[in-house]
Amino acid sequence: MNVLFIEPAFPANQREFVRALALIGAHVLGIGERPYDWIDDEAKGWLGGYQQIASVTDEGALEWAVRDAQSRMWIDRLEATIEAHILPAARVRERCTIPGISARTAYLCRDKVAMKEVLRRAGVPTAASTGVSSEAEARDFAEAVGYPVIIKPRAAAGALGTFRAGNPGELEAAARASDLADGATAAIEEFIEGHEGFYDTLAIEGRIAHDFISHYFPNVLDAMRARWISPQIIATNRMDAPTYVEVKEMGQQVIEALGIGTAATHMEWFFGPKGPKFSEIGCRPPGVGQWDSYSAGNEFDLYHEWALAVCHHHTDRAPSRRYACGLIALRPDRDGRIAGYEGADEMFRRYGDLVVGHHFPVLGTPTQPVEAGYMANAWMRLRHPDFDVLHGILNEIGERVQVRAH
């Protein structure tokens, strides 16, 4: 089977998808923006070819690269796993008659307003929302549904460009910050009170083959705004708990309503006084290396399962559900350059046998801003058989480990 894979070199875990495809016997050809020499030797060994283009989100350039490959061999699959690449890949896939996620499905998974309109019609519980193109329209929506409200780009990943407005003054500030005041379009929705988590799946022909549930501590919008917080993402191993039944049912509804066939999905949800509410979906794996948490917690290779799914429409391993696995972000106390770490050695002595991944930038490394995300600076990933014990350990690490900058 010949598979074109978009952007095999960046971010770092992209190579794992290439590895998995190669190990099941696929002939993998990469299309990316970086020079071939930038790809490490091991990853080069998994690639049967590589085409560099200026931008993988430029549909014209991407289509040229795909048709060039098609002129030399039959192409069975065109795969992308990064949010910004999903829609261009789907459109080119259709023009080049390659099976996979349709352009309609990719669009609905990208545009938050259209997505929720379809899901509400399908009976999926979501926050009230609409698209706006002026501050006046945003004000009208807020007055109709009540404050607080959330303003976000119609197409974005994570909390990037997302603002909470609790009153007219904050709405005005959010409109300026989001460029809505200058005529840009945006999505606006009611603020849903409650705990935030996500439901990730690997679907095959519309059927959920693997699924995972993770929790944010605290919710993303808070985590991405406050430097003092060491935020956590913990994947549970209690997937059979009755509290998750509604989340799973909602996830299957979403997959069916959006026409998702064989693909990874990443679905955000809230649970609060109004019950479970769907937030949004990406037709791709989650970020922050979360599949590494799922693989470590379940003692299997989820990338391998994905490769089997997209190439052969089956999987061959069941997750063990033995461990909960969590990531904690450790942020520098100020912007500048990394000057040192306090408390890290003690935490490794105490919990080193639980650590399944970590990153501490070398001294002198420039810091990254808080809004750059969970893995932008230092981080640790640990697993433990008990979710609550793991949460407590991560809390301790967040309190004890200090990242100093100057």
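The values are calculated or read from the model by the stated rules, or taken from the named source; none is laboratory data. These figures come from a predicted structure and were not determined experimentally. Virtual Cβ from ideal backbone geometry, glycine too; neighbours counted across all protein chains shown.
Kindly establish whether residue 276 is closer than 19 Å to residue 220 by Cα, in contact with a strand residue (DSSP E or B) (Cβ under 7 Å, 6 or more places away or on another chain) and modelled with pLDDT under 95. It is true that residue 276 is closer than 19 Å to residue 220 by Cα, in contact with a strand residue (DSSP E or B) (Cβ under 7 Å, 6 or more places away or on another chain) and modelled with pLDDT under 95. Kindly check whether there is at least one residue in the stretch 272-279 that is of a type outside the set (A, V, I, L, M), closer than 30 Å to residue 116 by Cα and assigned to a loop (DSSP other than H, G, I, E, B). Yes, the conditions are met somewhere in the stretch 272-279. Checked against (1) out of contact with any His (no Cβ under 9 Å at 6 or more places or on another chain); (2) crowded, with 19+ Cβ neighbours inside 10 Å; (3) in a strand (DSSP E or B), residue 200 passes all but a single condition, namely (1). Are any residues in the stretch 280-305 closer than 23 Å to residue 322 by Cβ, outside any helix (DSSP H, G or I) and in contact (Cβ under 8 Å) with a residue 40 or more places away in the chain, and if so, which ones? Once the filter is applied, which keeps residues that are closer than 23 Å to residue 322 by Cβ, outside any helix (DSSP H, G or I) and in contact (Cβ under 8 Å) with a residue 40 or more places away in the chain, the stretch 280-305 yields 285, 286, 288, 289, 301. If you filter the stretch 18-44 down to residues that are outside any helix (DSSP H, G or I) and of a type in the set (A, V, I, L, M, F, W, C), you find that the one that is surrounded by the most Cβ atoms within 10 Å (Cβ to Cβ) is 31.
I'd like to know if the stretch 309-329 contains one or more residues that are part of a helix (DSSP H, G or I), touching a helix residue (DSSP H, G or I) at 6+ places or on another chain (Cβ under 6 Å) and in contact (Cβ under 8 Å) with a residue 40 or more places away in the chain. No - not one qualifying residue is present in the stretch 309-329. Across the stretch 369-404, the number of residues qualifying as assigned to a strand (DSSP E or B) and either at pLDDT below 95 or within 11 Å of residue 326 (Cα to Cα) (or both) comes to 6. For the stretch 342-368, name all the residues that are under 28 Å from the mean Cα position of the chain (by Cα) and assigned to a strand (DSSP E or B). Those that are under 28 Å from the mean Cα position of the chain (by Cα) and assigned to a strand (DSSP E or B): 355, 356, 357, 358, 359, 366. Consider the stretch 227-247 and keep the residues that are assigned to a loop (DSSP other than H, G, I, E, B) and surrounded by fewer than 16 Cβ atoms within 10 Å (Cβ to Cβ). The one that is nearest to the chain's Cα centre (by Cα) is 239. Condition check for residue 344 on (1) within 21 Å of residue 289 (Cα to Cα); (2) of a type in the set (A, V, I, L, M); (3) surrounded by 15 or more Cβ atoms within 10 Å (Cβ to Cβ): one failure, at (1).
Quick check on residue 8: is it of a type outside the set (Phe, Trp, Tyr), surrounded by fewer than 16 Cβ atoms within 10 Å (Cβ to Cβ), out of contact with any Ser or Thr (no Cβ under 8 Å at 6 or more places or on another chain) and closer than 27 Å to residue 268 by Cα? Answer is no for this residue. Residue-level check: of (1) at pLDDT 90 or above; (2) within 19 Å of residue 221 (Cα to Cα), residue 152 misses just (1). Residue 250 fulfils the conditions (1) under 18 Å from the mean Cα position of the chain (by Cα); (2) over 22 Å from residue 300 (Cβ atoms); (3) outside any strand (DSSP E or B); (4) not acidic (Asp, Glu) except for a single criterion, (1).
Scanning the stretch 163-171 turns up no residue that is among the basic types (Lys, Arg), surrounded by fewer than 16 Cβ atoms within 10 Å (Cβ to Cβ) and in a strand (DSSP E or B). Does the stretch 326-347 include one or more residues that are closer than 30 Å to residue 208 by Cβ, modelled with pLDDT under 95 and not aliphatic (A, V, I, L, M)? Scanning the stretch 326-347 turns up no residue that is closer than 30 Å to residue 208 by Cβ, modelled with pLDDT under 95 and not aliphatic (A, V, I, L, M). Test residue 221 against the stated conditions and say whether it is hydrophobic (A, V, I, L, M, F, W, C), buried (at least 22 other Cβ atoms within 10 Å of the Cβ), more than 30 Å from residue 301 (Cβ to Cβ) and at pLDDT below 90. So residue 221 does not fit the description; no.
For the stretch 323-332, the count of residues that are touching a His at 6+ places or on another chain (Cβ under 7 Å), of a type in the set (Phe, Trp, Tyr), at negative phi and in the same structural domain as residue 299 (by TED's automatic domain parsing) is nonzero.
A single member of 151, 101 is more than 13 Å from residue 189 (Cβ to Cβ) and touching a helix residue (DSSP H, G or I) at 6+ places or on another chain (Cβ under 9 Å), and it is 101.
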